[in-house]
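Here the structure is laid out as structure tokens; the discussion comes afterwards.
Quick note: the coordinates plus some simple rules give every number you see, no bench work behind them. Since we're looking at a predicted model, the values are computed, not measured. Please note: Cβ atoms are built from the backbone with ideal geometry, for glycine as well, and neighbour counts cover all protein chains shown.
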Amino acid sequence: MENQQAVVTGTPPVVTEGLDNKLDLRKKARPHEMLIQGFLFFSGAVSILTSIAIVIVLGNEALLFFQTPTWAEVRDETDAIVSLSAEITEDTTSLPLAENKGQFLKAGQKIRLDNEIMQIVAVEGDVLTVERGLEDTTKVAHQPQTHIRLEGDNISLVEFLTGTSWQPHIGEFGVLALVSATLTISFIAMFVALPLGVGVAIYLSEYASEGSRNKIKPILEILAGVPTVVYGYFALTFITPILQGILGKETLGIYNMLSAGIVMGIMILPTVASMSEDALRAVPRALREASYGLGSTKLETSTKVVLPAGISGVVAAFILGMSRAVGETMIVAIAAGARPFFSFNPFEAAETMTGHIARISTGDLPRTTIDYNSLFAIGLTLFLVTLVLNIISRQVSTWLREEYD
């Protein structure tokens, strides 16, 4: 009777000490849930550890780049490269130079022919007496016209980050020559992808029927499955001739940043459109109905109510697409050119960070050279650029995010 009264009044029932069936509130073991939880923890740990390992490897190799002396080609007063005038064998210690070229070298300097490092013992006219095979390099024969490179100072971080000339053969390693092309092409790509992507997203979320949306969206996402090398040749053989017909061949060369940026924008269009469309569809239906109730048209509702409400997702899509464009390789390697050149002019040819990495990271590049170590310094710079973009994306999305009850 006392428990029945507790139920009626809403107060907790009184548990009699003599009850045989007591509630067991202890946590029961669920092996399958523990297994799933362990797998999820393992997946997250692998992702975090992989990211840390990438940073460590890039950092260690990039540090070697800044600790390695530069080797610049020796040039005379006419800017001609000083080189061997005759073939030498692996045992030769006298290096013959062209006439009047010995004056540009001095005893005690370290020089390099191909991958072999030597030290000049004496200079007699145009003949160098050298000590060969220094720093564990191998003594090999060298052919006539082999360029002589002179050891220089180590590369400073300030020079690397602020220099605008990337010419390893003369010891100049200014990464801005590669960063400028990377950012120029990426901004061109976003100038193409953002308006088209947002337009497609508004149509799919506000105008298209469910049947049309289910057909159009998979077709749009097919663009994401096209190999990037195909996009590169599409830019080189199709887009560039069209642009040359409009702008003139004297204005736009075969290799240029404009065509590469346009095609890259087409490539990242599915990413921007899909993420933006998901953000717009997440806007509560009540906002649309309220806008219609006030007499707004579908276009006014889409552009003045739905789009501002989902702007955080659109901005996130923009910055993610920017990160995708910064890291793209094959399009820029094929269509943008292979000349490191500091320029923001889209009509010119220039090489990006990823294009440069793809061009020089061949199988015959020795590990001990500064060119090899420079790959990791560029890769670390690229990693930091994309990391900054992702951090900005999260901060902007948090700042612009709308919350609805």
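One table, with the values for the structure above:
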quantity: Highest to lowest packing among 318-330, 274-286, 207-219, scored as the average C-beta count within 10 Å; calculated: 318-330, 274-286, 207-219
quantity: Selected from 35, 258, 365 as most flexible by GNM, with the chain as the system and alpha-carbon contacts under 10 Å; calculated: 35
quantity: Derived scalar couplings ³J(HN,Hα) [region 189-205; Karplus, 6.51 cos²θ - 1.76 cosθ + 1.60; whole Hz; x for Gly, Pro]; calculated: 4, 6, 5, 7, 6, 5, x, 5, x, 5, x, 5, 5, 5, 5, 5, 8
quantity: Lys/Arg +1, Asp/Glu -1 at C-beta; region 127-270 dipole; positive extreme among 223, 146, 267; calculated: 223
quantity: Rounded tilt (10° steps) of 257-281 against the dominant C-alpha axis of the chain; calculated: 20
quantity: Amide H contacts under 5 Å for residue 173, placed H, 5+ residues apart; calculated: 167
quantity: Separation in nanometres of the label points that stand 7 Å from Cα toward Cβ, at residue 94 and residue 66; calculated: 4.6
quantity: Residue 128 long-range amide H proximity, modeled H, under 5 Å; calculated: 95, 97
quantity: Net length gained if the chain between residue 119 and residue 158 were fully extended (0.36 nm per residue, minus Cα distance); calculated: 11.1 nm
quantity: If the convex hull is drawn through the Cα atoms of region 71-154, its volume per residue in Å³; calculated: 84
quantity: Cα coordinate range in region 299-385, projected on the principal axes (Å, largest first); calculated: 60, 27, 20
quantity: Relative frequency of Cα-Cα separations exceeding 23 Å in region 176-400, percent; calculated: 54
quantity: FRET efficiency estimate (nearest 0.05) - Cβ-Cβ, residue 233 to residue 136, R0 35 angstrom; calculated: 0.20
quantity: Globularity ratio of region 33-125, using Cα Rg and 2.2 N^0.38 Å; calculated: 2.07
quantity: Cα long-axis angle, helix 311-326 against the chain (0 to 90 degrees, to the nearest 10); calculated: 20
quantity: Between helix 370-400 and the chain: long-axis angle, C-alpha atoms, 0 to 90°, nearest 10; calculated: 20
quantity: Kirkwood hydrodynamic radius of region 326-374, Cα pairs, Å; calculated: 11.6
quantity: Listed residues 131, 33, 87, most fluctuating in the chain (Gaussian network, C-alpha, under 10 Å); calculated: 33
quantity: Cα Rg, Dmax (largest Cα-Cα span) when computed across the chain, Å; calculated: 32.0, 121
quantity: Furthest towards positive pole of dipole, 193, 344, 211, structure part region 176-400, Cβ charges; calculated: 211
quantity: Choice from 315, 192, 130 with maximal GNM fluctuation in the chain (Cα, 10 Å cutoff); calculated: 130
quantity: Debye log10 I(q)/I(0) at q = 0.10, 0.13, 0.16 Å⁻¹ for region 37-187, Cα point scatterers; calculated: -0.52, -0.73, -0.93
